[in-house]
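Data first, discussion second: the structure below is written as C-alpha coordinates.
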Amino acid sequence: NAGVTQTPKFRVLKTGQSMTLLCAQDMNHEYMYWYRQDPGMGLRLIHYSVGEGTTAKGEVPDGYNVSRLKKQNFLLGLESAAPSQTSVYFCASSSSGRAYEQYFGPGTRLTVT
Amino acid sequence: AQKVTQAQTEISVVEKEDVTLDCVYETRDTTYYLFWYKQPPSGELVFLIRRNSFDEQNEISGRYSWNFQKSTSSFNFTITASQVVDSAVYFCAFHSGTASKLTFGTGTRLQVTL
(Lines give C-alpha, C1' and ligand atoms only; values in the text may rest on other atoms or scores of the structure.)
Protein backbone atom coordinates (compact mmCIF):
# COMPACT_ATOMS: atom_id res chain seq x y z
CA ASN A 1 0.00 0.00 0.00
CA ALA A 2 1.78 3.12 -1.26
CA GLY A 3 -0.40 5.71 0.54
CA VAL A 4 0.40 9.18 -0.78
CA THR A 5 3.17 9.56 -3.34
CA GLN A 6 4.64 12.70 -4.87
CA THR A 7 6.53 13.18 -8.10
CA PRO A 8 9.24 14.44 -8.43
CA LYS A 9 11.17 14.37 -5.16
CA PHE A 10 13.50 17.20 -6.15
CA ARG A 11 13.43 19.84 -8.87
CA VAL A 12 15.42 22.91 -9.78
CA LEU A 13 13.76 25.53 -11.98
CA LYS A 14 14.89 28.79 -13.45
CA THR A 15 12.75 31.88 -12.86
CA GLY A 16 9.89 31.97 -15.33
CA GLN A 17 9.84 28.24 -16.07
CA SER A 18 6.74 26.18 -15.47
CA MET A 19 6.25 22.77 -13.92
CA THR A 20 3.66 20.46 -12.46
CA LEU A 21 3.90 18.49 -9.25
CA LEU A 22 1.93 15.27 -9.12
CA CYS A 23 0.30 13.82 -6.03
CA ALA A 24 -1.30 10.39 -6.09
CA GLN A 25 -3.14 8.49 -3.37
CA ASP A 26 -4.42 4.95 -3.35
CA MET A 27 -6.71 5.17 -0.32
CA ASN A 28 -9.82 6.28 -2.21
CA HIS A 29 -9.83 9.55 -0.27
CA GLU A 30 -12.18 12.31 -1.33
CA TYR A 31 -10.12 15.20 0.01
CA MET A 32 -6.65 16.20 -1.13
CA TYR A 33 -4.41 19.10 -0.16
CA TRP A 34 -1.25 20.92 -1.16
CA TYR A 35 0.87 22.58 1.53
CA ARG A 36 4.16 24.41 1.34
CA GLN A 37 6.77 24.46 4.08
CA ASP A 38 9.17 27.35 4.46
CA PRO A 39 11.84 27.76 7.14
CA GLY A 40 10.34 29.05 10.38
CA MET A 41 6.81 29.13 8.94
CA GLY A 42 5.42 25.66 9.45
CA LEU A 43 3.17 24.24 6.73
CA ARG A 44 0.67 26.47 4.96
CA LEU A 45 -2.23 25.37 2.80
CA ILE A 46 -2.00 26.35 -0.88
CA HIS A 47 -5.06 24.70 -2.43
CA TYR A 48 -7.29 21.81 -1.62
CA SER A 49 -9.97 19.66 -3.22
CA VAL A 50 -13.02 18.03 -1.69
CA GLY A 51 -13.75 15.87 -4.69
CA GLU A 52 -13.00 15.08 -8.30
CA GLY A 53 -13.41 18.16 -10.44
CA THR A 54 -13.49 20.61 -7.51
CA THR A 55 -10.74 22.78 -6.06
CA ALA A 56 -10.55 25.64 -3.59
CA LYS A 57 -8.00 28.19 -2.43
CA GLY A 58 -6.13 27.90 0.81
CA GLU A 59 -4.03 30.44 2.67
CA VAL A 60 -1.34 31.06 0.04
CA PRO A 61 -2.79 30.30 -3.42
CA ASP A 62 -1.14 33.06 -5.48
CA GLY A 63 1.14 31.83 -8.25
CA TYR A 64 -0.26 28.29 -8.21
CA ASN A 65 -2.98 26.42 -10.03
CA VAL A 66 -4.37 22.97 -9.31
CA SER A 67 -6.47 20.36 -11.00
CA ARG A 68 -8.27 17.24 -9.79
CA LEU A 69 -9.31 15.41 -12.93
CA LYS A 70 -9.15 12.01 -11.28
CA LYS A 71 -10.05 11.17 -7.71
CA GLN A 72 -6.66 9.68 -6.98
CA ASN A 73 -4.57 12.53 -8.42
CA PHE A 74 -4.07 16.15 -7.45
CA LEU A 75 -1.79 18.29 -9.60
CA LEU A 76 -0.08 21.50 -8.50
CA GLY A 77 1.12 23.79 -11.27
CA LEU A 78 3.50 26.71 -11.31
CA GLU A 79 3.01 28.66 -14.53
CA SER A 80 5.91 31.07 -14.09
CA ALA A 81 8.16 30.06 -11.22
CA ALA A 82 9.60 32.73 -8.92
CA PRO A 83 12.38 32.46 -6.32
CA SER A 84 9.73 33.03 -3.63
CA GLN A 85 8.29 29.65 -4.57
CA THR A 86 11.42 27.87 -3.43
CA SER A 87 10.00 25.59 -0.78
CA VAL A 88 9.19 22.04 0.21
CA TYR A 89 5.76 21.00 -1.03
CA PHE A 90 3.68 18.40 0.75
CA CYS A 91 0.58 16.72 -0.53
CA ALA A 92 -1.96 15.15 1.81
CA SER A 93 -5.23 13.29 1.55
CA SER A 94 -8.10 12.42 3.86
CA SER A 95 -11.50 10.84 3.78
CA SER A 96 -14.49 13.16 3.83
CA GLY A 97 -15.74 11.67 7.09
CA ARG A 98 -12.42 12.14 8.86
CA ALA A 99 -11.00 15.25 7.23
CA TYR A 100 -8.78 15.86 10.24
CA GLU A 101 -6.92 12.60 9.64
CA GLN A 102 -4.60 13.70 6.87
CA TYR A 103 -2.01 11.41 5.37
CA PHE A 104 1.06 13.17 4.02
CA GLY A 105 3.31 12.38 1.10
CA PRO A 106 7.12 12.47 1.39
CA GLY A 107 7.44 16.00 0.02
CA THR A 108 8.97 17.65 -3.05
CA ARG A 109 11.88 20.01 -2.64
CA LEU A 110 11.69 22.76 -5.26
CA THR A 111 14.38 25.34 -5.83
CA VAL A 112 13.81 28.29 -8.14
CA THR A 113 16.97 30.14 -9.17
CA ALA B 1 -9.44 32.23 13.11
CA GLN B 2 -7.40 29.45 14.56
CA LYS B 3 -3.82 29.97 15.61
CA VAL B 4 -1.13 27.65 16.90
CA THR B 5 1.87 29.03 18.74
CA GLN B 6 5.09 27.16 19.39
CA ALA B 7 7.14 29.75 21.20
CA GLN B 8 10.27 27.61 21.44
CA THR B 9 12.16 27.88 18.18
CA GLU B 10 15.07 25.63 19.14
CA ILE B 11 15.87 23.49 22.15
CA SER B 12 19.16 21.74 22.84
CA VAL B 13 19.45 19.02 25.45
CA VAL B 14 21.94 16.36 26.39
CA GLU B 15 20.90 12.77 25.94
CA LYS B 16 18.81 11.33 28.78
CA GLU B 17 17.45 14.71 29.76
CA ASP B 18 13.70 15.23 29.77
CA VAL B 19 12.36 17.92 27.50
CA THR B 20 8.95 19.54 27.08
CA LEU B 21 7.79 21.16 23.86
CA ASP B 22 5.08 23.76 24.30
CA CYS B 23 2.03 24.30 22.12
CA VAL B 24 -0.66 26.91 22.69
CA TYR B 25 -3.68 27.24 20.44
CA GLU B 26 -6.46 29.77 19.90
CA THR B 27 -9.95 28.91 18.75
CA ARG B 28 -13.62 29.63 19.37
CA ASP B 29 -14.64 26.19 18.17
CA THR B 30 -15.89 23.64 20.66
CA THR B 31 -15.01 20.65 18.50
CA TYR B 32 -11.44 20.42 17.30
CA TYR B 33 -8.44 18.17 17.04
CA LEU B 34 -4.84 18.67 18.07
CA PHE B 35 -1.84 16.91 16.63
CA TRP B 36 1.88 16.52 17.00
CA TYR B 37 4.09 15.63 14.04
CA LYS B 38 7.78 14.86 13.93
CA GLN B 39 9.95 15.88 11.00
CA PRO B 40 13.34 14.15 11.14
CA PRO B 41 16.28 15.36 9.04
CA SER B 42 15.10 13.13 6.20
CA GLY B 43 12.17 15.52 5.76
CA GLU B 44 9.05 13.40 5.95
CA LEU B 45 6.24 14.19 8.37
CA VAL B 46 5.65 11.52 10.97
CA PHE B 47 2.32 11.53 12.77
CA LEU B 48 2.72 11.14 16.54
CA ILE B 49 -0.65 11.77 18.16
CA ARG B 50 -4.15 13.17 17.71
CA ARG B 51 -6.45 14.33 20.52
CA ASN B 52 -9.98 15.65 20.21
CA SER B 53 -11.34 18.53 22.24
CA PHE B 54 -13.58 16.30 24.32
CA ASP B 55 -10.80 14.12 25.60
CA GLU B 56 -8.48 15.86 28.04
CA GLN B 57 -6.98 12.66 29.31
CA ASN B 58 -3.20 12.74 29.16
CA GLU B 59 -1.52 10.10 27.08
CA ILE B 60 1.73 8.23 27.42
CA SER B 61 3.40 6.22 24.71
CA GLY B 62 6.77 4.87 25.75
CA ARG B 63 9.05 7.85 26.36
CA TYR B 64 6.50 10.26 24.91
CA SER B 65 3.70 11.89 26.85
CA TRP B 66 1.19 14.59 26.06
CA ASN B 67 -0.58 17.00 28.39
CA PHE B 68 -3.79 18.54 27.04
CA GLN B 69 -5.30 21.35 29.11
CA LYS B 70 -8.30 23.19 27.70
CA SER B 71 -8.20 25.68 30.57
CA THR B 72 -4.88 27.03 29.28
CA SER B 73 -5.42 26.08 25.61
CA SER B 74 -2.23 24.06 25.67
CA PHE B 75 -1.16 20.72 24.30
CA ASN B 76 2.39 20.11 25.49
CA PHE B 77 4.65 17.24 24.52
CA THR B 78 7.26 15.73 26.81
CA ILE B 79 10.05 13.38 25.84
CA THR B 80 11.48 11.51 28.79
CA ALA B 81 15.11 10.39 28.71
CA SER B 82 15.73 11.95 25.32
CA GLN B 83 17.84 10.16 22.73
CA VAL B 84 19.85 11.38 19.76
CA VAL B 85 17.21 9.84 17.46
CA ASP B 86 14.69 12.30 18.89
CA SER B 87 16.52 15.14 17.12
CA ALA B 88 13.99 16.59 14.71
CA VAL B 89 11.60 19.45 14.15
CA TYR B 90 8.33 18.94 15.98
CA PHE B 91 5.13 20.55 14.81
CA CYS B 92 1.93 21.07 16.71
CA ALA B 93 -1.19 21.35 14.53
CA PHE B 94 -4.89 22.11 14.85
CA HIS B 95 -7.96 21.06 12.89
CA SER B 96 -11.34 22.59 13.67
CA GLY B 97 -13.35 19.60 12.52
CA THR B 98 -15.30 21.76 10.12
CA ALA B 99 -12.52 23.50 8.22
CA SER B 100 -10.63 21.78 5.46
CA LYS B 101 -7.11 22.37 6.60
CA LEU B 102 -4.60 21.72 9.30
CA THR B 103 -3.16 24.84 10.92
CA PHE B 104 0.45 24.26 11.88
CA GLY B 105 2.64 25.95 14.40
CA THR B 106 6.05 27.15 13.28
CA GLY B 107 7.78 24.15 14.77
CA THR B 108 10.37 23.53 17.47
CA ARG B 109 13.76 22.18 16.47
CA LEU B 110 15.03 19.74 19.07
CA GLN B 111 18.71 18.89 19.12
CA VAL B 112 19.76 16.03 21.36
CA THR B 113 23.51 15.60 21.82
CA LEU B 114 25.65 12.99 23.51
Computed for A with B: buried accessible area summed over both chains, 1.4 Å probe, rounded to 100 Å², at 1500 Å²
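Pop out the Kirkwood hydrodynamic radius of chain B from its pairwise C-alpha distances, inverse of mean 1/r, in Å to one decimal. Write out the running numbers ahead of the final one.
On the way: mean 1/r = 0.0702 Å⁻¹.
One over the average 1/r among Cα pairs gives 14.3 Å for chain B.
Restricting to lysines 8 or more places apart or on different chains, can you count the pairs in chain A with Cα atoms under 22 Å from each other?
Counting lysine pairs in chain A gives 4.
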Taking N as the number of residues in region A:1-49, what value does Rg over Cα atoms divided by 2.2 N^0.38 Å take? 1.35
Dipole-positive endmost among B:A88, A:G97, B:V24 within the protein assembly as shown (Cβ charges, Cα centre): A:G97
Accessible solvent surface per residue of chain A, calculated while the other protein chains remain in place, 1.4 angstrom probe, Å²: 47 Å²
Calculate the all-directions average of the projected area of chain A's alpha-carbon convex hull, and give it in nm². 6.5 nm²
Output the residues of region B:72-114 meeting this criterion: accessible area (heavy atoms, 1.4 Å probe) in the chain alone minus accessible area with all protein chains in place is 20 Å² or greater. B:F91, B:H95, B:S100, B:K101, B:L102, B:F104, B:T106
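Share of Cα-Cα pairs in region B:64-114 beyond 12 Å, in percent? Let's see the in-between values first.
Values: 928 of 1275 pairs.
Considering region B:64-114, 73 percent of its Cα-Cα pairs are separated by more than 12 Å.
Calculate, in whole percent, how much of the Cα-Cα pair population of the protein assembly as shown lies beyond 23 Å. Don't skip to the end; give the middle numbers.
Working: 12507 of 25651 pairs.
The calculated P(r) of the protein assembly as shown puts 49 percent of pairs beyond 23 Å.
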Given a 1.4 angstrom probe, I'd like the percentage of the accessible area of the protein assembly as shown that is carbon and sulfur, rounded to a whole number. 49 percent
Can you check what the net charge comes to around B:K16, using other residues whose Cβ is under 14 Å from the Cβ of B:K16 (Lys, Arg +1; Asp, Glu -1)? -3
For chain B, how many pairs of lysine residues have a Cα-Cα distance under 22 Å, where the two are 8 or more positions apart or belong to different chains? 6
Report the local net charge at A:K57: Lys and Arg +1, Asp and Glu -1, summed over other residues whose C-beta lies under 15 Å from its C-beta. +2
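Are there trypsin sites (Lys or Arg not before Pro) in region A:2-79 that DSSP marks as loop and that have at most 12 other Cβ atoms within 10 Å, and which are they?
Working: sites: A:K9, A:R11, A:K14, A:R36, A:R44, A:K57, A:R68, A:K70, A:K71; in loops: A:K9, A:K14, A:R68, A:K70, A:K71.
Passing both the DSSP loop test and the Cβ count: A:K9, A:K14, A:K70.
As a test, work out the antiparallel percent of DSSP beta bridges whose residues both lie in chain A, rounded to the nearest 5.
Numbers: 35 of 39 bridges.
In chain A, approximately 90 percent of DSSP beta bridges are antiparallel ones.
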Just to confirm my numbers, what's the Cα centroid distance between region B:8-24 and region A:62-97 in Å? 33 Å
Comparing B:E56, B:E15, B:E44, which has the greatest mean-square fluctuation in the GNM of chain B with Cα pairs linked when under 10 Å apart? B:E44
Need the C-alpha centroid separation for region B:41-56 versus region A:5-41, integer Å. 21 Å
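The values are calculated or read from the model by the stated rules, or taken from the named source; none is laboratory data. What you are looking at is a predicted structure, and each value in this text was computed from that prediction instead of being measured. With ideal geometry, Cβ positions are generated from the backbone for all residues, glycine too; neighbour counts draw on all protein chains shown. Heavy atoms of the whole protein, side chains included, go into the accessibility calculation; ligands, DNA and RNA do not. Shrake-Rupley method; radii C 1.70, N 1.55, O 1.52, S 1.80 Å.
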